[in-house]
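The values are calculated or read from the model by the stated rules, or taken from the named source; none is laboratory data. The structure presented is a predicted model; accordingly, all values stated were derived computationally and were not measured. Heads up, the Cβs are rebuilt from the backbone with ideal geometry, glycines too, and the neighbour counts pull from every protein chain shown. These area figures cover heavy atoms from the full protein model, side chains too; ligands, DNA and RNA do not enter into them. Shrake-Rupley method; radii C 1.70, N 1.55, O 1.52, S 1.80 Å.
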Amino acid sequence: MDGSVAYLLTAAGCLVGVAGVVIAVVALRRARSRPQRPTSPGDPLRDRDADALRGDPRRLKPGDIVEIRGTSYAVRGSIRLVEGGWSWAEHLLDDAAGVRRWLSVEEDPELELVLWAAEPGATVTPGAPTIDFAGRRYNWDESGQARYTATGTTGLDPNGTMRYHDYQAPGGARLSFEAYGEAGWEVALGEVLHRADVMIYPQAEAD
């Protein structure tokens, strides 16, 4: 009788052990087959110290104050643009004297800040491989069409489409053509800024 009991206990123990192994194998297979949650790795070279000390241009919005090379501007309005998987922003700036500029913020993949001045009297049109304007020769860089969302004061509808042609000259000078909706081309000259040229003082409430 004691031998039978011992045999039954041993057999039960073996069954429990086998069941445990089976459960572990099934769990391991499920874990391996479960799709991993996608992650969005940050840029390991992003200058987070500059963002902390000088403000993050990627978070700029209407109501903020921007100081560029010693001149303070108020952000009157912002335009967020999306083309496929690409996005960038343009901000309308206004200084104390009423001088208006546009600041574009784009990661390509490095952060690029360009200060733009409108050229309302320009008669040139886009499309050619090279354009001579204001004493410089500009070479075609890129063109396309994007959807935009405008906030604050921009003079645009809240949503719409925008066409653009961008040109560059040796040394980094920029020439841009933009047409919002059914409007004609707007011409602007741009100058690439160094990160140290820009200081941001957030004024608006955080999103």
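Key figures
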item	result
Considering residues of the stretch 125-154 that are of a type outside the set (Ser, Thr, Tyr), within 30 Å of ALA74 (Cα to Cα) and in contact (Cβ under 8 Å) with a residue 40 or more places away in the chain only, the residue most open to solvent (accessible area, probe 1.4 Å)	ARG147
Residue in the stretch 33-56 that is touching a Leu at 6+ places or on another chain (Cβ under 9 Å), at pLDDT 95 or above and open to solvent by 60 Å² or more (accessible area, probe 1.4 Å) present	no
Residue in the stretch 106-113 that is within 12 Å of VAL198 (Cα to Cα) and either exposed (fewer than 15 other Cβ atoms within 10 Å of the Cβ) or not β-branched (Val, Ile, Thr) (or both) present	yes
Criterion (within 28 Å of LEU53 (Cβ to Cβ), at pLDDT 95 or above and part of a strand (DSSP E or B)) met by exactly one of GLY144, GLY190, GLY160	GLY190
Filter result (within 15 Å of SER104 (Cβ to Cβ) and among the small types (Gly, Ala, Ser)) within the stretch 120-179	GLY144, ALA146, ALA150, GLY172, ALA173, SER176
Residue satisfying all of: in the stretch 71-85; touching a residue at least 40 places away in the same chain (Cβ under 8 Å) and open to solvent by 70 Å² or more (accessible area, probe 1.4 Å); nearest to GLN203 (Cα to Cα) among these	ARG76
